[in-house]
Amino acid sequence: MLTLEEKQEIERAIHQVPLRKAACIEALKVVQEHRRWVSDESLKDVAAFMDMSPAELDSVATFYNLIFRRPVGRHIILVCDSISCWVMGYEKIQAHLSQKLNIGFGETTLDGRYTMLPNPCLGTCDHAPAFMIDHDLYRDVTTDQLDAILEKYT
Amino acid sequence: MNKPLTQHVRPDGRPLTLQEYEKAGGYAAVRKALKDMAPQAVTTLVKESNLRGRGGAGFLTGMKWSFVPMNAPKPKYLIANADEMEPGTFKDRILLENTPHQLIEGMILAAFAIQADNAYVFLRWAYKQAAKVITTAIEEAYAAGYLGKNILGTGFDLDMHLHTGVGRYMCGEETALLNSLEGKRATPRAKPPFPQISGLFGKPTIVNNVETLCCIPHIVNNGAEWFKDLSRGSDAGTKIYGVSGNVKRPGAWELPMNVTMRELVEEHAGGMRDGYRFRGALPGGASTDFLVEEHLDVKMDYTSVAAAGSRLGTGTMIVLDDQTSVVGFVKNLEHFFAQESCGFCTPCREGLPWVEKILHTIERGEGKPEDLKLLEFHTKYLGPGNTFCALAPGAMEPLQSALKYFRKDFEMLIHHKISA
């Protein structure tokens with residue numbers, strides 16, 4: 001069941017476009033904002049609300065990298081794995097994060113705190129290597145900074 | 001004023017507020033155009049300025065606008081493509097985060113020229129700071145009467161919305177972007193019809209890159225000749241160039257169109273870091289052909305870079321050094337393209353993962369001599385004309401040029417069975 005708040009937010013998005021269906025990505029974003037991920041049940045609820053079949057909505061949901069169709073942790077680490085960050089050694093950063101958190105790409109820590117994902121170029125190539133945690137961007141990262149950064153998120 | 005686009009970018013990264021932008025002469029171009037110019041006159045001016053699209057394709061902006069039927073009923077759409085996802089590209093971020101009103105002013109002018117009544121900024125998910133800044137700026141512009149109904153009492157109406165994406169490189173392709181805005185998968189559309197005739201929701205639509213749109217207020221204020229004179233060569237204006245990789249001072253700089261690769265690498269980026277030698281560079285993002293040492297004096301404009309066998313693309317260069325594996329470098333690029341392929345057409349969907357797999361095998365020292373032939377086969381069959389959009393042909397550009405300039409690097413790994 002979508003909450004009243006979710007429905008209102010989705011309605012606002014629908015108002016901005018000439019076709020109800022056109023707001024379906026916004027609708028998925030709303031649900032993800034509230035629940036961190038889009039479960040099968042949420043997907044069906046959103047589809048019904050948007051006058052779409054679940055299959056049609058899922059074809060959209062699973063197309064985009066940042067709509068999560070599986071549970072994720074409280075915080076999302078997006079490690080840039082594109083060319084400038086690769087040249088500047090993102091693999092060392094990722095290895096350190098993996099060791100520290102005991103997870104690889106696509107995995108979530110046992111305490112549900114972090115999910116780590118690879119992400120295409122974050123557009124800050126003059127400050128490579130870079131990664132994001134939730135809305136925060138970290139640039140020119142060195143391995144000795146990582147412990148302090150990770151402690152900021154609970 | 002030789003850096004019109006970035007003259008107001010502050011070292012601390014605080015964006016210009018509406019008042020600060022107005023004080024610096026902002027929105028004068030909107031007053032001038034909406035009050036004293038016919039829409040077609042704006043298009044003619046931009047045509048005469050010789051402005052070419054800064055998103056990578058380099059198409060003449062005024063020409064693009066002129067394809068929009070002026071007598072078509074509304075709605076018509078103007079879209080700022082702020083889905084900067086070309087690996088190695090970080091130029092639009094600067095404009096989005098620092099001078100949001102410059103973009104909005106450019107969008108109002110473009111919308112006026114084509115008589116659009118709806119505008120969207122299509123912004124990539126990762127640009128969180130930009131999303132905040134643009135949201136505030138759009139609110140400020142509405143409050144000041146630059147957006148909404150009857151702008152400045154001229155009778156021109158324009159609504160503007162920010163749309164933030166949820167990932168996928170494909171969204172940067174203009175027709176795929178339109179599908180995404182319509183709530184669909186970001187797969188490209190067949191052309192014709194071109195978006196100028198039938199774009200968003202089947203209505204006439206112009207999609208322009210952020211940097212392109214930011215040039216418009218300056219052209220309207222100062223004229224076409226002034227804009228051409230900013231450049232040192234045949235392609236007009238300034239360009240935000242960038243350099244990343246193992247150089248001393250990676251960064252981005254607004255410079256006259258036509259600087260050389262050498263000036264960028266050696267002067268602006270401070271040369272290679274100690275212990276690293278320059279071997280080559282992708283001049284304009286991941287989907288451009290390598291240029292090498294012999295090209296260092298090539299001028300970084302659309303025509304000259306094309307003549308040297310590559311593309312200016314986004315103008316943000318990724319440097320390859322002698323400590324970095326060429327095969328690993330290209331594999332990283334092809335991994336990106338394989339992952340970001342929308343899967344719509346077969347050569348791209350099936351070919352790119354195959355290319356990545358071959359490169360992975362070579363990188364591990366398990367390649368066979370015939371693998372190079374297989375890679376060459378792909379550079380032709382995934383090239384222009386064989387796929388639905390430009391993603392796979394773009395992906396083949398660094399590969400084909402790596403095989404041309406750095407063939408020995410591939411052969412060494414294959415013949416000596418060593419890993420990179």
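Each value in this text was obtained by applying a stated rule to the coordinates, not by laboratory testing. Model, not experiment: these values are computed from the prediction. All Cβ positions, even for glycine, are placed from backbone atoms using ideal geometry, and neighbour counts span all protein chains on display.
Computed quantities for the displayed model
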| quantity | calculated |
| --- | --- |
| The range A:75-151: relative contact order as a whole-number percent, Cα under 8 Å and 6+ apart | 40 |
| Amide N of the range A:95-123 lying under 12 Å from the label point, which is placed 7 angstrom from the Cα of A:ASP136 along Cα→Cβ | none |
| Residue order, fewest to most beta carbons within 10 Å, for B:ASP157, A:ASP45, B:ASP289, A:ASP144 | A:ASP144, B:ASP157, A:ASP45, B:ASP289 |
| Fraction of beta bridges assigned by DSSP in the range B:238-321 that are antiparallel (%, nearest 5) | 80 |
| Separation of alpha-carbon centers, the range B:81-116 and the range B:176-251, rounded to whole Å | 8 |
| Highest-fluctuation residue, B:LYS149, B:LYS239, B:LYS299 considered, GNM on chain B with Cα pairs under 10 Å | B:LYS149 |
| Shape category assigned to the range B:347-420 from the gyration tensor of Cα positions, a/c cut at 1.5 | prolate |
| Over 29 Å (Cα to Cα) - which of A:LYS21/B:LYS191; B:LYS228/B:LYS248; B:LYS203/B:LYS299; B:LYS128/B:LYS380; A:LYS29/B:LYS380 fall in this group | B:LYS228/B:LYS248; B:LYS203/B:LYS299; B:LYS128/B:LYS380; A:LYS29/B:LYS380 |
| Relative contact order of chain B, pairs being alpha-carbon contacts under 8 Å that are 6 or more residues apart, as % | 16 |
| Beta bridge orientation in the range A:2-154: antiparallel %, DSSP, nearest 5 | 55 |
| Between 0 and 90°, nearest 10: helix B:128-143 axis offset from chain B longest Cα axis | 10 |
| ³J(HN,Hα) computed for each position of the range B:79-85 - Karplus, 6.51 cos²θ - 1.76 cosθ + 1.60, integer Hz, glycine/proline x | 10, 8, 7, 10, 8, 5, 10 |
| Fluctuation leader among B:GLY280, B:GLY25, B:GLY199 - chain B, Gaussian network, Cα springs under 10 angstrom | B:GLY25 |
| Estimated inter-spin distance, B:ASP36 and A:LEU19, nm [label 7 Å along Cα→Cβ] | 4.2 |
| Gaussian network model of chain B, Cα within-10 Å springs - most flexible of B:LEU103, B:LEU78, B:LEU45 | B:LEU45 |
| Percent antiparallel among DSSP beta bridges (both partners in the protein assembly as shown, rounded to 5) | 45 |
| When chain B is reduced to its Cα atoms, the Kirkwood hydrodynamic radius in Å | 22.1 |
| Counting all C-alpha pairs of the range A:75-151, share separated by more than 16 Å (%) | 41 |
| Label-reachable residues, the range B:368-409, where backbone N falls under 16 Å from a point 7 Å from B:LYS417's Cα toward its Cβ | B:368-370 |
| 0 to 90° range, to nearest 10: angle between helix B:346-363 axis and chain B longest Cα axis | 50 |
| Cα-only Debye scattering, the range B:201-359: base-10 log of I(q)/I(0) at q = 0.10, 0.15, 0.20 Å⁻¹ | -0.46, -0.91, -1.23 |
| Cα gyration tensor shape for the range A:4-63, rounded if a/c is under 1.5, else prolate or oblate | oblate |
| Sequence of B:GLU293, A:GLU41 once ranked by neighbouring C-beta atoms within 10 Å, starting from the fewest | A:GLU41, B:GLU293 |
| Over the range B:120-204, relative contact order from alpha-carbon pairs under 8 Å, at least 6 apart, % | 24 |
| Exposure proxy order (Cβ contacts within 10 Å, fewest to most) of B:SER231, A:SER82 | B:SER231, A:SER82 |
| Note, ³J(HN,Hα) from phi for the range B:3-10, Karplus 6.51, -1.76, 1.60, rounded to Hz, x at Gly and Pro | 10, x, 6, 10, 4, 9, 6, 9 |
| Acute angle (nearest 10 degrees) that the helix A:24-35 long axis makes with the longest principal axis of chain A, alpha-carbon atoms | 60 |
| Pairs of Cα atoms farther than 48 Å apart, the protein assembly as shown, % | 9 |
| Cα convex hull volume per residue for chain A (Å³) | 124 |
